[in-house]
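The structure appears right after this line, and notes come after that.
The values are calculated or read from the model by the stated rules, or taken from the named source; none is laboratory data. No experiment lies behind these values; they were computed from the predicted model shown. Quick reminder, even Gly has a Cβ in these numbers, built from the backbone with ideal geometry, and neighbours come from all protein chains shown.
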């Protein structure tokens, strides 16, 4: 009972350590994603997060990579950096679908990743995608197609400066031939993997272990023993406890087959020690299973029973751990999706805030523009009013100037008329003085009659002029200003005629006032029509009044 309790505590602490490691790495990546200033950094970190989550739950990891793929597609990035990132994401999606047993999707993403990587000469990813296709066909037991794609992958990976891809493809080919029990071909490809330049120690040990296990399957235990001893000599300085445990376990199997039970027991105990250092329940289960068999064949049944009981505990613990891990993963998945939903709500709120800010800014700008428009219009209206007032003042001034000019003309006319009267009087006196000097009576009478006719004519002319002036005074000043301002092409006599017409006088009445013939008045009216561009049927005064309204 005490041993069972210790085992349960050990398992719980082991799982707790793993969960803490998982949480610390994942939380660190999530924190970096939140702080990322650019899409290039953020999306790359998000892809790393997906790769990290694949160690714990490939379904969640797949969802994260699908989000990265969608965001890259939606934003339409076309630079080489983003194209390479998308190719890596497609390769990861292919691997995750393959591990989840979704072979058709794994093939689809592998082909998509290969096409994109090949188009940008990204040989590392294009080779990995083709190698993934080979692995899918291997799982489907189509070994011929698997070999074909592994070889195609190798042709591409030869162009890559990083050795890892070629090592993996050669190792996969070797493992495939092991399953077909074609051990010579398997050994050949394992050695090809070891011959790849710059192979890392980790992959070197993995391939060497596969070689040793191949010899074990062939029952060539001496060669297997030699290979494993070489591996252990190399591993003793590395601290790679998983590989140390694996190789000690394989060497224990070799000595067990050779019935060297002491050596087998020594190496199986070493395998158990190294497995405990990394708390690998799976290696412990295999090791105790092998130890139980070794102890049984060496007839140490008590030790065999004890080893079998420990094997049974680790087997049960693995089942319990698997169940616990699955529950933890489900809880983590729920938490991740919940965080994702909260992040989506937060993003939506931020988007709504931005929209409201933009709407507010738009309203403020619109109000500012409207205010500026109103101010400008008011200013323009004030300017227009000021200009109109100025024009009215100018018109009033012009009218006043015209009135003064008319008055000045009238005064001049009065002066002229008076001077004419004085001139006529002086001339008449001179004529009378000259007539008196005539000796002939008949000549004197004839000259006096002629002088009387002249005086009568002057009187009549003066009377007509006086009557005409009286009529002109009755015409409105606006009409006179109109004629003087806008019809400068008309003569003074023509303007007087238009004034008489404005008063409604007939042509006969006007001829009497002007002391001229009716034909002369009609001729003057004809000339006025020509100057104004009017027909004989057009009303001259109506035309002038309409002109006044238009002005």
When region 300-309 is checked residue by residue, the ones that are part of a helix (DSSP H, G or I) and surrounded by fewer than 20 Cβ atoms within 10 Å (Cβ to Cβ) are 301, 302, 303, 304, 305, 306, 308, 309
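Looking at 37, 47, which is the one that is within 25 Å of the chain's Cα centre (by Cα), outside any helix (DSSP H, G or I) and either within 20 Å of residue 84 (Cβ to Cβ) or at pLDDT 85 or above (or both)?
Matching residue, one of 37, 47: 37.
Residue-wise test of (1) modelled with pLDDT under 90; (2) buried (at least 20 other Cβ atoms within 10 Å of the Cβ); (3) closer than 30 Å to residue 181 by Cα.
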position	(1), (2), (3)
224	yes, yes, yes
262	no, no, no
266	no, no, no
292	no, yes, yes
296	no, no, yes
For residue 191, are the conditions met, namely being on the phi > 0 side of the Ramachandran plot and touching a residue at least 12 places away in the same chain (Cβ under 8 Å)?
-> no
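If you check 134, 174, 127, which single one turns out to be more than 19 Å from residue 91 (Cα to Cα), buried (at least 18 other Cβ atoms within 10 Å of the Cβ) and at pLDDT 90 or above?
174
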Yes or no: residue 233 modelled with pLDDT of 90 or more and assigned to a helix (DSSP H, G or I)?
no
Of 535, 489, 496, the only residue that is touching a helix residue (DSSP H, G or I) at 6+ places or on another chain (Cβ under 8 Å), at pLDDT 85 or above and surrounded by 14 or more Cβ atoms within 10 Å (Cβ to Cβ) is 496
Please tell me if residue 104 is within 17 Å of residue 54 (Cβ to Cβ), modelled with pLDDT under 95 and in the same structural domain as residue 47 (by TED's automatic domain parsing).
-> no
Scanning region 132-164 for residues that are touching a residue at least 40 places away in the same chain (Cβ under 8 Å) and closer than 14 Å to residue 114 by Cα gives 132
Condition check: exposed (fewer than 13 other Cβ atoms within 10 Å of the Cβ) and farther than 26 Å from residue 153 by Cβ. Does residue 74 satisfy that? yes
Requested in this report: Taking residue 109 as the residue in question, decide whether it is over 27 Å from residue 190 (Cα atoms) and buried (at least 17 other Cβ atoms within 10 Å of the Cβ).
Outcome: yes
Checking 51, 99 in turn, the sole residue that is touching a helix residue (DSSP H, G or I) at 6+ places or on another chain (Cβ under 8 Å), in contact (Cβ under 8 Å) with a residue 12 or more places away in the chain and surrounded by fewer than 17 Cβ atoms within 10 Å (Cβ to Cβ) turns out to be 99
